[in-house]
Structures are given as structure tokens and as C-alpha cells.
Amino acid sequence: MNIPAHAPLHLLHMAAIGTLATHARQPEGFPYPSVLPFAPDPQHRPTILVSRLAEHTHNLHADPRAGFLVVDAPDGDVLSGQRVTLLGTFEPIDSTPEVVRRYLRYHPDAERYLVLGDFTFWAMKLERLRYIGGFGAMGWLAGADLDPLPPLGLDEENALIEHFAVRSQGADGPQLLGVDRYGADLKLGGARTRFVFDDVKRNTETLHAALEDCIERHAN
């Protein structure tokens, strides 16, 4: 069954936690699942922050192939909720100020791990993914089909976030975490949510208009 790519794309921006399945070294060959926070990068790929001492990190160094499961079941009914299983390879990425800044917007508590010095960022290169949106709504997608458009640059995203930061009203005002051509990730009242644009925003002008609408709707 064909599925719209925007469905798993938005799901990857709605969830804060995923299940990482690596290949165990001991006992060799068994899947080794672990739960950990993640943030979507500008290409919507899961970015994780892991300790060099963690078992899953050792596993990724030995074999970077992995699965990553993301679920959204707010009412507790997992079988009726959305979920997506990603297949691909993880690769370490440099802890540049831009990468750190973006990840900490999604997970500010992670700053305490960064100061320890032994945590590194890894991002997943997608090969295939399987999305299930409920009974009878499921299908496979190639990783390249998740988003065929060029992603926003980190500088452009930061400029948009800084521009609209002044519109937030106090601690309960909307806080922009990330922006892409399909929607915006928000923290609202301490909870994370996703504002889905009505269509794809291909340039800065349409992105500004969509974010104006987003902030206006959530300002009160």
C-alpha cells in the first residue's frame, strides 16, 4: 500500500523518544534494543547523543546497521497509534556548535551529559522505512523518498527561530524548536508538539507567513 511520505516525516518530529536496535557483540548476532531520546535533524533523520561507554555505542562501532522504532500512542493504544520502523546505518557526526545548539533546543537536559566529555552525536542514514498509521494504513518507503527537497540550512533555521523568539510571551508562550519545509516543532506549556503547514513551504517568504500563523495560533 502506498503511503504519503509526510505521514512518517511528521511522526519523526512529534516523538521525543525512540527504540534503537543494534547488533549485539555478545551474544553475537542478537538484536539489542535500547530506549533513548532523539531529535530529528534538518533531513528528518534521528540524531542521538550516546555515551562512548554504552553497549549500543560499542555495537554501532562494530556494525553501524541498525533499526530505529518511533511510536506515537498518546492514549496508550499502541496498535491503533502511529509507528515507523527505520532501517539504515548510524554514523558519528561532529559536535559542532550548530549541532549542539539544535539538539539542546529539543533536549535541554542533555547539556549535563555534554559536559562529561564522553558523549557523541550519531545520525541515521536511512535505507528503508515502514510506516503504520493504524489498521490497514501501512507501507514501505525508500529512505530517499521521505523528503526529496533540499533541507533548510542550519543558519536559515536559526535566523527564523531567532526572528520569532521575540513573539513568545513568557514561559508558557510557544517556543520554536525546529523548522522545516513541512512544519514547525514547538514546545508549548512544557510539552512538545508539531504544527503542520497546509502545504510545502519552498522559500523564505512562505516560511515566514506559515510561522506567523503558527505563532499567532499558539500565542494565547
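The values are calculated or read from the model by the stated rules, or taken from the named source; none is laboratory data. Only a predicted model underlies this, so the values are computations on that prediction, with no experimental measurement involved. Ideal geometry is used to build each Cβ from the backbone, glycine not excepted, and the neighbour counts take in all protein chains shown.
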All but one of (1) assigned by TED's automatic domain parsing to the domain that holds THR96; (2) part of a loop (DSSP other than H, G, I, E, B) hold for LYS125; which doesn't?
(2)
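For region 1-54, enumerate the residues that are among the β-branched types (Val, Ile, Thr), under 16 Å from ALA123 (Cα atoms) and outside any strand (DSSP E or B). Full working, then the answer.
Just the residues of region 1-54 that are among the β-branched types (Val, Ile, Thr), to begin with: 3, 17, 19, 22, 35, 47-48, 50.
When the remaining residues are screened for being under 16 Å from ALA123 (Cα atoms), the result is 17, 19, 22, 35, 47-48, 50.
Result: no residue meets the conditions.
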Of the residues that make up region 88-95, is at least one closer than 27 Å to LYS187 by Cβ and outside any loop (DSSP other than H, G, I, E, B)?
yes
Can you tell me which residue within region 195-218, out of those that are closer than 9 Å to TYR182 by Cα and of a type in the set (Val, Ile, Thr), is surrounded by the most Cβ atoms within 10 Å (Cβ to Cβ)?
VAL196
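Just to be sure I understand, how many residues within region 179-220 are within 18 Å of HIS163 (Cβ to Cβ), hydrophobic (A, V, I, L, M, F, W, C) and out of contact with any helix residue (DSSP H, G or I) (no Cβ under 9 Å at 6 or more places or on another chain)? Please lay out each step first, then the result.
Pass one, region 179-220, residues within 18 Å of HIS163 (Cβ to Cβ): 179-181, 183-187, 195, 197, 201, 203-219.
Among the residues that remain, those that are also hydrophobic (A, V, I, L, M, F, W, C) are: 179, 184, 186, 195, 197, 207, 209-211, 214-215, 219.
Applying the additional criterion that residues be out of contact with any helix residue (DSSP H, G or I) (no Cβ under 9 Å at 6 or more places or on another chain) yields 209-210, 219.
Final tally of qualifying residues: 3.
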Those residues of region 31-86 which are of a type in the set (Val, Ile, Thr) and either touching a Ser or Thr at 6+ places or on another chain (Cβ under 6 Å) or surrounded by 15 or more Cβ atoms within 10 Å (Cβ to Cβ) (or both), in sequence order
VAL35, THR47, ILE48, VAL50, THR57, VAL70, VAL71, VAL84, THR85
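Yes or no: GLY143 closer than 30 Å to GLU55 by Cβ, in contact with a His (Cβ under 9 Å, 6 or more places away or on another chain) and surrounded by 12 or more Cβ atoms within 10 Å (Cβ to Cβ)? Walk me through it before giving the result.
Numbers: closer than 30 Å to GLU55 by Cβ: yes; in contact with a His (Cβ under 9 Å, 6 or more places away or on another chain): no; surrounded by 12 or more Cβ atoms within 10 Å (Cβ to Cβ): yes.
Taking the combined requirement at face value, the residue does not satisfy it.
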Any idea which of (1) touching a residue at least 12 places away in the same chain (Cβ under 8 Å); (2) within 23 Å of ASP198 (Cα to Cα); (3) surrounded by fewer than 17 Cβ atoms within 10 Å (Cβ to Cβ) is the one GLU98 doesn't satisfy?
(2)
Which one of these does GLU28 not meet: (1) closer than 27 Å to LEU176 by Cβ; (2) loosely packed, with under 15 Cβ neighbours inside 10 Å?
(1)
What's the total number of residues in region 196-220 that are of a type outside the set (Val, Ile, Thr) and assigned to a helix (DSSP H, G or I)?
12
